[in-house]
Amino acid sequence: LIVDTAGNEALKIDANGHVTKALQPAFHVQHDAAQSNVSNDDQVTFPTEVFDQNGDFASNTFTAPVTGRYQLQCIIRMDNLITGINYYAISIGTSNRSYQHIFQCFNTTSYKTMQVSVLADMDANDTASVNFTQSGGSAHADLTGDAMRSNFSGYLVA
């Protein structure tokens, strides 16, 4: 069974009952170039799209095409962490609210990987992006350019 919308395949159910929705919003992007000496409230860049089903990701930001519940997740590796910082944080910020992972750095740590995962309520045209936060000290941390350790993805659930 195939359902088309304006000549585009919108829904397909194959002989085994597998359902695919070619226009369902879904994206996976990677951070493949280091961001050095990031400072408080810097937006994390994701220059490489693995996929962007429905074309809703641009300029490091996902824009919800319809109102619904979106599963969003990110993982970011930070390098060159130093003492004297109150905390480091990574957050997924949406138009409605932010979701944050905080890490307190009590001793010198060469790296730390942080992740955030959330089922977010988003309205049509709301946006979501990933931001870095640091409390105290000078901008010293680097966000690794390793695509395997730094990425952002999401999809419409309901």
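The values are calculated or read from the model by the stated rules, or taken from the named source; none is laboratory data. Everything quoted here is computed from the prediction, not taken from an experiment. Neighbour counts are summed over all protein chains in view; Cβ atoms, including those assigned to glycine, are modelled from backbone coordinates with ideal geometry. Ligands, DNA and RNA are stripped out before the accessible areas are found, and what is left, the full protein with its side chains, is counted by its heavy atoms. Shrake-Rupley method; radii C 1.70, N 1.55, O 1.52, S 1.80 Å.
Distance between Cα centroids, the stretch 57-111 to the stretch 116-158: provide it in whole Å.
4
Please check which bits of the stretch 45-83 a label hung off residue 127 would reach, taking the label as a point 7 Å along Cα-to-C-beta and the cut-off as backbone N under 11 Å.
Label zone hits: 58-64.
How much FRET efficiency would the formula 1/(1 + (r/R0)^6) give for residue 67 and residue 98, where r is the Cβ-Cβ distance and R0 is 22 Å, rounded to 0.05?
On the way: r = 19 Å, r/R0 = 0.87.
According to the calculation, E is roughly 0.70.
Kindly report, to the nearest 10 Å², the accessible surface of residue 9 as traced by a 1.4 Å probe over protein heavy atoms only.
Its heavy atoms expose roughly 70 Å² to the probe.
Between Rg and the Kirkwood Rh of the stretch 61-158, both from Cα atoms, what is the Rg to Rh ratio?
Using Cα coordinates only, the ratio equals 1.03.
What percentage of the solvent-accessible surface of the chain, computed with a 1.4 Å probe over protein heavy atoms, is contributed by carbon and sulfur atoms?
47
Per residue, how many Å² of accessible area does the chain show with a 1.4 Å probe?
51
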